[in-house]
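The values are calculated or read from the model by the stated rules, or taken from the named source; none is laboratory data. No experiment lies behind these values; they were computed from the predicted model shown. We place every Cβ from the backbone using ideal geometry, glycine too, and count neighbours over all the protein chains shown.
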Amino acid sequence: MNANGPSWLSAHGKLWYDDRWYRIAWILWPQALGLLLFVGLWLHHPGQGVIPWAKPVLEAKKTPTQQTTQPPLNQPTDQLEPCKGNDYGSVIPACTALLQSGTLTGSNIARAYWYRSWAYAQTKQYQLAMNDLDRAISIDPNESDFFNDRGNVWLEVGQNERALQAFDQAIQLKPNYSIPYGNRGIALYRLKQPDAALIALDKALELDPRQSLFYQYRAAIYESRSNWRGVYDDANKMIQYQPNNRLAYDYRGHAYFAVGQMQAAINDFSKAISLDPKIIYSWRMRGRAYYLMNQYDNAMSDFQTALRIDPNDRTTMDYINDLRRKQRGR
């Protein structure tokens, strides 16, 4: 019988309606065939089943514009690196480009303005420095350093009262931070309030005894009060932390001079001159120490050098006249 012909289809129809078992066979045999196929596959792959366990879907391969690239090995890890350094002429445009790049977030924005403000201040662009400090503070009003540097800019432009306010805000935010205490002392010193200045400077140096600048201002107050032991001690501290600090040797030399230790004074003034030979004070004071040791030729040589630095210095002229009178009276 041709399975493709009409006679096969007629016979199939007759058997389907007349023979109940024929109908059952046609319903069941496809299912039985499928079951046999399943068993065969299972026997061929024992323990695995027909469908393998699903694997994680692999991430679609990204196009070059989608891929996250690693930074070059020589790229600085510090995002704010362009804003740092001592070449302020280069720091300012580099930091400006970084601020305009849109890559900074959060506190890094405030700190970038802060770094740039320092560069502006060092190049005496004080209004621009203040603008950047105002921006930094508006972003992060809880950072003591921002207020401290705002005070420093006010000091630079002679606004000592405003500087005091900024230093007080810095101290309020960070009560154990020595720098704003010391800077507060400088502002008070300039406002001719030495007692209050001493309190602030003492507090700063109590918190951090390594701050040479604050010894300098305290020594100046001691000098004005003829507290030579205080001047001597603070000058020694300055030399300890900054061995090439010319002013420290001038202070200590003056302390020696005031108590009559002329050779020690000459040694310190000589050291100050070696560090900076353009400062008239060191020559003048060493000359005076030579004069008091009756070394008149050395004294005159130093006084003349001082006059070459400043021909109109009245104190040096007085010393020369005194020396000439002394020589005439010998």
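Data table
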{"read-out": "Condition check for ALA299: surrounded by fewer than 18 Cβ atoms within 10 Å (Cβ to Cβ) and either more than 24 Å from ILE199 (Cβ to Cβ) or not hydroxyl-bearing (Ser, Thr, Tyr) (or both)", "value": "no"}
{"read-out": "Qualifying residue in the range 120-133 (condition: surrounded by fewer than 19 Cβ atoms within 10 Å (Cβ to Cβ), part of a helix (DSSP H, G or I) and charged (D, E, K, R))", "value": "no"}
{"read-out": "Subset tally (residues that are within 28 Å of ASN244 (Cβ to Cβ), over 49 Å from the mean Cα position of the chain (by Cα) and in contact (Cβ under 8 Å) with a residue 24 or more places away in the chain) for the range 292-330", "value": "2"}
{"read-out": "Yes/no for GLY185 being more than 17 Å from the chain's Cα centre (by Cα) and either acidic (Asp, Glu) or surrounded by fewer than 18 Cβ atoms within 10 Å (Cβ to Cβ) (or both)", "value": "no"}
{"read-out": "Residue among LYS192, LYS174 that is over 22 Å from the mean Cα position of the chain (by Cα) and either modelled with pLDDT of 95 or more or crowded, with 19+ Cβ neighbours inside 10 Å (or both)", "value": "LYS192"}
{"read-out": "Counted residues, the range 213-249 - those being of a type in the set (S, T, N, Q) and more than 21 Å from SER270 (Cα to Cα)", "value": "3"}
{"read-out": "Qualifying residue in the range 205-213 (condition: surrounded by 23 or more Cβ atoms within 10 Å (Cβ to Cβ), at negative phi and in contact with a helix residue (DSSP H, G or I) (Cβ under 8 Å, 6 or more places away or on another chain))", "value": "no"}
{"read-out": "Selection count, the range 256-289, where residues are part of a loop (DSSP other than H, G, I, E, B) and among the basic types (Lys, Arg)", "value": "1"}
{"read-out": "Scope the range 64-101; condition of a type in the set (A, V, I, L, M, F, W, C) and either at pLDDT below 50 or outside any loop (DSSP other than H, G, I, E, B) (or both); matching residues", "value": "LEU73, CYS83, VAL91, ILE92, ALA94, CYS95, ALA97, LEU98, LEU99"}
{"read-out": "Subset of the range 296-324 (residues that are assigned to a helix (DSSP H, G or I) and farther than 21 Å from ALA265 by Cβ)", "value": "ARG308, ARG314, MET317, ASN321, ARG324"}
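Residues are listed down the side, and each one gets a yes or a no for (1) surrounded by fewer than 21 Cβ atoms within 10 Å (Cβ to Cβ); (2) of a type outside the set (Asp, Glu); (3) farther than 30 Å from PRO194 by Cα; (4) modelled with pLDDT under 95:
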{"site": "TYR215", "(1), (2), (3), (4)": "no, yes, no, no"}
{"site": "ILE221", "(1), (2), (3), (4)": "yes, yes, no, no"}
{"site": "ASN236", "(1), (2), (3), (4)": "yes, yes, no, no"}
{"site": "PHE257", "(1), (2), (3), (4)": "no, yes, no, no"}
{"site": "GLY260", "(1), (2), (3), (4)": "yes, yes, no, no"}
{"site": "TYR281", "(1), (2), (3), (4)": "yes, yes, no, no"}
{"site": "PRO311", "(1), (2), (3), (4)": "yes, yes, yes, no"}
